[in-house]
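Peer 1: Okay, handing you the structure first.
The values are calculated or read from the model by the stated rules, or taken from the named source; none is laboratory data. Note that the structure is a prediction, hence the values are computed from the model and not measured. Every residue, glycine among them, receives a Cβ derived from its backbone with ideal geometry; neighbour counts consider all protein chains shown. Remember, those area values only see protein heavy atoms, side chains included, never the ligands or the DNA or RNA. Shrake-Rupley method; radii C 1.70, N 1.55, O 1.52, S 1.80 Å.
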Amino acid sequence: MTAATLPEVHPLLKEFLSRKLHKLLIDGQPVEAASGKTFTTLNPATGETLGVVSEAESADVDRAVVSARKALEGPWSKLSPADREKILHKVADLIEARAEAFAQLETLDNGKPIREAKSGDLPLSAALFRYYGGWPTKLHGETTPVSVPYYPGAKFLHYTVREPVGVVGAIIPWNFPLLMAAERLAPALACGNAIILKPAEQTPLSALWLGELLLEAGVPPGVVNVVPGYGKTAGHAIAAHMGIDKVTFTGSTATGREVVKASAGNMKRVTMELGGKSPNIVFADADMEAAARGMFMGIFYNQGQTCSSGSRVFIERSAHDKLLEALAAKAKTIKQGNPLDPKMAMGPLVSAQQRDRVMSFIESGKAEGANLLAGGSSVAGPGYFVQPTVFGGVKDSMKIAREEIFGPVVSVFPFDTVDEVMTRANDTDYGLVAAVWTKDVKKAHQTAARLKAGTVWINCYQFVDAAAPWGGVKQSGYGREKGQWALENYTSLKSVWVDLN
Ligand code: NAD
């Protein structure tokens, strides 16, 4: 498909993209950065400028905190839980109504295939608002049967109340820009908080547009502030701010460490969703067609730029050669090109920097003697494309086997016994997800129990839902997003004693 025959950009999106400057959203108003600075965001499929964006720094985060604090005391806290539910459902309705335009924006800003944006990012984002839209009326406390040993016979009424944490800072990455924003905003709003959201500098546009949609749905001004900018300035200012009560961070483990350090000043609550190097384990008794699909989807979805990518595939030796061959053959036929074209299964990586980073891992795999079976090159021309790449003959000690690549590069290893593969699968600093493929129910559950990961998929891969918890162990982070568990992150529990004597 040539540029001339690509699908038309949705009229709503055309209008949004025609803005000369995409301003910060503070106190319900589009405002320029205090410094007047701007940065550009690119279409990674072409390298062309997609938009110019105001660049938030610490002075803008200060303004956002003032606005969020004011909003917390204002109409937001006066709304009934039922009213908050209506607003969240309206957000879901509006996202669904504009799904086509938002999907195109995600594809243009991030490079993800439009078919993935439409089937994954958009419905999941709406579902998060729908799911958390049900919670405000169910966030109740409890009564507790207390006993006081130093006051025998005394009677007390004791109850708990769930209150908003206050002002939440959300720092998110570029791989699922709208979805990551929705995953933070929906539960934080359901629990009655105000939020300062910093999208990644590579993909700031959908968060800004979502901020406007929230206002339209009835979220009062100042409750959600969107401050695009760089990590070391805007991100650090959020992590360190004394007026922010909680930070929810998704990104790399190295940055997560910086955020934890910066957040210590006022002891803010922190949740960390970090990187992964996840094992995808195929036993010889598995449904091989399903396993092949799962391996493929596990590594090449979103160009491999998923925290949960199955970047280490372990295949039981008797099935290894055939399955590896099938994976490499399929990787060679994948359609990669302009992601707005619905026929494309893969687009570019998000930036030239990310392409170069991924290519340096591929070069290290070649140099360390791994067996390159498919891909291995970047694609010349505009855009930041890297071929889907399959390495066999990888040693556990190689850099491509140990470090998170965050690109379409898979390392495949044979194994002989269950004990051996469990040890090797767990031999990583990370622990985000893992998968097991087998028809043996006992083996499936036994291995799921032994895998050190926040999520284990059995005979499936890359499944997520608003209702299911998400998070890691070890250096993949702590805390759980999504489901009822995220409500803990965004509420404080108050303990109330009433003397009945
Ligand atoms: P990154 O850590 O470079 O950036 C993430 C965010 O942090 C961005 O908004 C960035 O501007 C900001 N940031 C950077 N430096 C900062 C600092 N010093 N203080 C505060 N904020 C700062 O990560 P990335 O390259 O954007 O995203 C890829 C990483 O995210 C991968 O490691 C991936 O595994 C991880 N990720 C994890 C999950 C999960 O749920 N566990 C989901 C998506 C991505």
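Peer 1: Can you pull out every residue in the stretch 251-280 that is more than 9 Å from the ligand (Cβ to nearest atom), part of a strand (DSSP E or B) and in contact with a helix residue (DSSP H, G or I) (Cβ under 6 Å, 6 or more places away or on another chain)?
Peer 2: Scanning the stretch 251-280 gives 270, 271, 279, 280.
Peer 1: Something else about it: Quickly run through the stretch 287-321 and pick out the residues that are open to solvent by 20 Å² or more (accessible area, probe 1.4 Å), among the hydrophobic types (A, V, I, L, M, F, W, C) and under 22 Å from residue 471 (Cα atoms).
Peer 2: Within the stretch 287-321, 297, 307 qualify.
Peer 1: Which condition does residue 285 not pass, out of (1) part of a loop (DSSP other than H, G, I, E, B); (2) over 20 Å from residue 197 (Cβ atoms); (3) within 16 Å of the ligand (Cβ to nearest atom), if it passes all the others?
Peer 2: The number of the failed condition is (3).
Peer 1: With a cut-off of at least 1 residues that are surrounded by fewer than 23 Cβ atoms within 10 Å (Cβ to Cβ), name the strands (runs of 3 or more DSSP E) lying wholly within the stretch 371-471.
Peer 2: The qualifying strands (runs of 3 or more DSSP E) are 371-374, 389-392, 409-415, 455-458.
Peer 1: Pull out all pairs, ordered by first then second residue, where Cβ-Cβ is under 6 Å, the residues are six or more apart or on different chains, the first lies in the stretch 465-477 and is more than 19 Å from residue 487 (Cα to Cα), and the second is within 7 Å of the ligand (Cβ to nearest atom).
Peer 2: These pairs meet every condition: 475/253; 476/274; 476/276; 476/432.
Peer 1: Anything in the stretch 4-30 that is in contact with an Asp or Glu (Cβ under 8 Å, 6 or more places away or on another chain), assigned by TED's automatic domain parsing to the domain that holds residue 52 and among the aliphatic types (A, V, I, L, M)? List them, or say none.
Peer 2: Of everything in the stretch 4-30, those that are in contact with an Asp or Glu (Cβ under 8 Å, 6 or more places away or on another chain), assigned by TED's automatic domain parsing to the domain that holds residue 52 and among the aliphatic types (A, V, I, L, M) turn out to be 21, 24, 25, 26.
Peer 1: Assigned to a loop (DSSP other than H, G, I, E, B), in contact (Cβ under 8 Å) with a residue 40 or more places away in the chain and crowded, with 22+ Cβ neighbours inside 10 Å, is that true of residue 349?
Peer 2: So residue 349 fits the description; yes.
Peer 1: What is the residue count in the stretch 240-273 for residues that are in contact (Cβ under 8 Å) with a residue 12 or more places away in the chain and within 16 Å of residue 230 (Cα to Cα)?
Peer 2: The qualifying residues number 11.
Peer 1: Read through the list (1) open to solvent by 50 Å² or more (accessible area, probe 1.4 Å); (2) near the ligand (Cβ under 10 Å from one of its atoms), then give the number of the only condition that residue 247 fails.
Peer 2: (1)
Peer 1: Here's another thing I want to ask about it. Just to be sure I understand the filter: pairs with C-beta atoms under 7 Å, separated by 6 or more residues or on different chains, first member in the stretch 303-323 and closer than 28 Å to residue 337 by Cβ, second member open to solvent by 10 Å² or more (accessible area, probe 1.4 Å) and away from the ligand (no atom under 16 Å from the Cβ). Which pairs pass?
Peer 2: Sorted first by the residue in the stretch 303-323, then by its partner, the pairs are 323/288; 323/292.
Peer 1: While we're here: Please determine, by comparing only the residues of the stretch 227-243 that are within 12 Å of the ligand (Cβ to nearest atom) and aliphatic (A, V, I, L, M), which one is surrounded by the fewest Cβ atoms within 10 Å (Cβ to Cβ).
Peer 2: This residue is 240.
Peer 1: Taking the conditions exactly as written (more than 16 Å from the ligand (Cβ to nearest atom), crowded, with 24+ Cβ neighbours inside 10 Å and over 17 Å from residue 69 (Cβ atoms)), does residue 190 satisfy them or not?
Peer 2: It is true that residue 190 is more than 16 Å from the ligand (Cβ to nearest atom), crowded, with 24+ Cβ neighbours inside 10 Å and over 17 Å from residue 69 (Cβ atoms).
Peer 1: Hey, can you tell me all the residues within the stretch 445-475 that are of a type in the set (Ser, Thr, Tyr) and closer than 16 Å to residue 183 by Cβ?
Peer 2: Listed by number, the list holds a single entry, 455.
Peer 1: Considering only the stretch 202-223, I want to know if a residue exists there that is more than 23 Å from residue 112 (Cβ to Cβ), surrounded by 19 or more Cβ atoms within 10 Å (Cβ to Cβ) and within 12 Å of the ligand (Cβ to nearest atom).
Peer 2: no
So that you can scan it fast, the table gives a plain yes or no per residue for (1) at pLDDT 95 or above; (2) over 25 Å from residue 387 (Cα atoms); (3) not assigned by TED's automatic domain parsing to the domain that holds residue 351:
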| residue | (1), (2), (3) |
| --- | --- |
| 252 | yes, no, yes |
| 257 | yes, yes, yes |
| 268 | yes, yes, yes |
| 297 | yes, no, no |
| 303 | yes, no, no |
| 306 | yes, no, no |
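Peer 1: Checking the conditions here, which among 163, 106 is within 16 Å of the ligand (Cβ to nearest atom) and not aromatic (Phe, Trp, Tyr)?
Peer 2: Being within 16 Å of the ligand (Cβ to nearest atom) and not aromatic (Phe, Trp, Tyr) holds for just one of 163, 106, which is 106.
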